Amino acid sequence: MQIYKVGGAVRDRLLGKPVTDIDWVVVGATTEEMLAKGFRPVGADFPVFLHPKSGEEYALARTERKSGRGYGGFTFHASPEVTLEEDLIRRDLTINAMAEDDQQNLTDPYHGQRDLEARLLRHVSPAFAEDPLRVLRVARFAARYAGLGFTVAPETLELMRQLSESGELEALTAERSWKEISRALMEDQPQVFIEVLRECGALKVLMPEVDALFGVPQPEAHHPEIDTGVHTLSVLEQAARHKQPLTVRWACLLHDLGKGLTPEEEWPRHIAHEHKGLKLIKAVNERFKAPKDCQELALLVGEYHTHGHRALELKPSTLLELLQSFDVYRRPQRFEEFIAACEMDARGRKGLEQRSYPQADYLRGAANAARTVAVQPLLEKGFKGPELGEAIKRERLKALKAYKEQA
Ligand code: CTP
């Protein structure tokens, strides 16, 4: 049997990027031979094995044919006769379809190296269409390598467009989609992920609520960029620039969904968009089974981001309601993430990227003021149950009034 390094490890070495995990392809071997060498099979009928020591993935060279819709619809054909070239041709992108032997000799039948130099994300063959998840993968690679000047080849974008129109994307499982979405959001230029999905028509299928924001105007005084979709992309861009975590990036993407529901007669104003957007945020959250912390933050940011912007003008009672909604006493981190998302929203506006955001420290100060209220003295005064809750709230309100006066 011959063993080659394939995929991302070869690509990233040639790009001079750090290689984290290595995938291997094995040519000329049978399942039985792999098992005899101590490799552990990944699944019952999947020709992938884990190395007994390193735990790295070794896949038998295979060709793939599609038998039905969706991920479950794959049939694999792996046999010792399948050549390296036959295996590589069914991979997604030319830059991912190179192999290397243990002497670092490159096998590159589909000109991945040429495309690396040309900074092109180009599909290898029509077999690209066998897995619709690749539409998201290409958009993710575009987000990752945009800084290096990579773009999607026009013919690949066309194929992605056809796949998006074919209804195939609907068959992707929430888990597979979320894995791509969450990884893409953590790339250096996550806004490029959304842009590419939009360009090929996949955004309309995957997140029509986000797609609907493009072409929706906002008041120029607050939003020099005017377009709500463009604003959303800028907010995401800021979130990446400020190295925000996934929760914040997800919330940034979804914070203004309500603006897509405003009747045209009301444009460019968006009355109560915060509240109207909640059902859309919930739908997107559930569609991709986003993790609980992402879901929660997106909903809270959707509902309260304008409160964040108006923090300095809020009445103490409204500030208290905000702090209570976030449960800042037990969940300080979540409130920090809310503040971060609001700040990204404020900076994600044309020409205002460098603005300061005094609301952030003001909100932190308010949370600290409310937290200083001690429960023990109230217990000692004999408060219990709901009355205790009310007494704590009254004390917190007092603390917030004092805070607002001295701020
Ligand atoms: N691959 C593919 N189609 C997919 C998934 C993977 O063709 N839907 C192939 C590509 O050749 C890819 C390799 O399998 O390079 C390994 O896949 P994976 O580990 O998911 O991605 P990497 O390319 O290693 O990229 P990353 O750096 O994002 O892990």
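The values are calculated or read from the model by the stated rules, or taken from the named source; none is laboratory data. Since the model is a prediction, treat every value here as computed from it, not as a measurement. As a convention, Cβ positions derive from the backbone with ideal geometry for all residues, glycine included, and neighbour counts pool all protein chains shown.
You will find that of ARG349, ARG355, ARG334, ARG364, the residue that is touching a residue at least 24 places away in the same chain (Cβ under 8 Å) and under 26 Å from GLU225 (Cα atoms) is ARG349 and no other. Working only within the stretch 1-17, note down all residues that are β-branched (Val, Ile, Thr) and assigned to a strand (DSSP E or B). Of everything in the stretch 1-17, those that are β-branched (Val, Ile, Thr) and assigned to a strand (DSSP E or B) turn out to be ILE3, VAL6. Is it the case that some residue within the stretch 233-241 is closer than 16 Å to VAL284 by Cα, touching a residue at least 24 places away in the same chain (Cβ under 8 Å), in the same structural domain as PRO268 (by TED's automatic domain parsing) and touching a Cys at 6+ places or on another chain (Cβ under 8 Å)? No: zero hits.
Scanning the stretch 24-47 for residues that are surrounded by 18 or more Cβ atoms within 10 Å (Cβ to Cβ) and within 36 Å of the chain's Cα centre (by Cα) yields TRP24, VAL25, VAL26, VAL27, PHE39, PRO47. Annotation: ARG349 fulfils all but one of (1) at pLDDT below 95; (2) surrounded by fewer than 17 Cβ atoms within 10 Å (Cβ to Cβ); the unmet one is (2). Just wondering, is there one or more residues in the stretch 97-107 that are within 16 Å of the ligand (Cβ to nearest atom), surrounded by fewer than 21 Cβ atoms within 10 Å (Cβ to Cβ) and not polar (S, T, N, Q)? Yes, the conditions are met somewhere in the stretch 97-107. Checked against (1) within 16 Å of the ligand (Cβ to nearest atom); (2) modelled with pLDDT of 90 or more, PRO41 passes all but condition (1). Restricting attention to the stretch 326-360, the residues being in contact with a Lys or Arg (Cβ under 8 Å, 6 or more places away or on another chain) and of a type in the set (Gly, Ala, Ser) number 1. Taken across the stretch 319-331, residues that are of a type in the set (Gly, Ala, Ser) and over 23 Å from ILE271 (Cα atoms) do not occur at all. Restricting attention to the stretch 377-389, the residues that are surrounded by 11 or more Cβ atoms within 10 Å (Cβ to Cβ) and of a type in the set (D, E, K, R) total 1. For residues that are of a type in the set (Val, Ile, Thr) and within 12 Å of the ligand (Cβ to nearest atom), scanning just the stretch 127-168, find the one that is surrounded by the fewest Cβ atoms within 10 Å (Cβ to Cβ). Among those residues, the one meeting the criterion is VAL138. Scanning the stretch 18-33 for residues that are closer than 18 Å to ASP102 by Cβ and not in a loop (DSSP other than H, G, I, E, B) turns up ASP23, TRP24, VAL25, VAL26, VAL27.
Selection of the stretch 187-202 for residues being buried (at least 17 other Cβ atoms within 10 Å of the Cβ) and within 21 Å of ALA251 (Cβ to Cβ) yields GLU187, GLN189, PRO190, GLN191, VAL192, PHE193, ILE194, GLU195, LEU197, ARG198. Residues that are exposed (fewer than 13 other Cβ atoms within 10 Å of the Cβ) and within 23 Å of GLY302 (Cα to Cα) were ranked within the stretch 355-376; the one that is modelled with the lowest pLDDT is ARG355.
Here's a check for you: in the stretch 242-275, which residue that is assigned to a helix (DSSP H, G or I) and among the small types (Gly, Ala, Ser) is surrounded by the most Cβ atoms within 10 Å (Cβ to Cβ)? So the residue we want is ALA251.
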